[in-house]
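One structure is given below, encoded as structure tokens.
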Amino acid sequence: MHPFRAAVEARDIDGLLDLLADDVVFRSPVVFKPYQGREAVEPILRAVFQVFENFRYVREIGSPESADHALVFHANIGGRELEGSDFIHVDEKGSITELTVMTRPLSATLALAEAMNARLGGIGDHSSA
């Protein structure tokens, strides 16, 4: 099991943040520009822990030695079922340098965007194009 998955499933946000490289790049399904740096990503991950309901990983793709991993998840948001994947890239030290989240269907992704905007108040200049 990838340490990112273990931290998420344990709801260990501090352990999760410790896995991130200082210059991590986070790509979200609901913003146009990526977030860069642990300080920019931290409030997003904290908010995600609050808005997802019944979050569970259902599949993990990638060997332990690989720098790239995909974690497939299901969750609920705003009364909608959400399916998604976390794509993780780690450096030679095992720190996460890239985290990309993809979700479907559109109705659930829009509910996610609304919930995250309510929590974060549109932080940064990352509006959709």
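The values are calculated or read from the model by the stated rules, or taken from the named source; none is laboratory data. Just so you know, these numbers come straight off a predicted model, no measurement behind them. As a convention, Cβ positions derive from the backbone with ideal geometry for all residues, glycine included, and neighbour counts pool all protein chains shown.
Among the residues of segment 61-92, those identified as hydroxyl-bearing (Ser, Thr, Tyr) and farther than 26 Å from SER107 by Cα are SER63, SER66. For the criterion of being touching an Asp or Glu at 6+ places or on another chain (Cβ under 9 Å), β-branched (Val, Ile, Thr) and surrounded by fewer than 16 Cβ atoms within 10 Å (Cβ to Cβ), VAL25 fails. Pairing each residue of segment 106-120 that is at positive phi and at pLDDT 85 or above with any residue that is charged (D, E, K, R) and loosely packed, with under 15 Cβ neighbours inside 10 Å, provided the two are 6+ apart or on different chains, yields no C-beta distance under 9 Å.
Within the option set LEU82, LEU71, LEU99, being over 17 Å from HIS2 (Cβ atoms), out of contact with any Cys (no Cβ under 7 Å at 6 or more places or on another chain) and either hydrophobic (A, V, I, L, M, F, W, C) or at pLDDT 90 or above (or both) holds for one residue only, LEU82. Tallying residues that are among the small types (Gly, Ala, Ser) and at pLDDT 95 or above within segment 85-94 yields 1.
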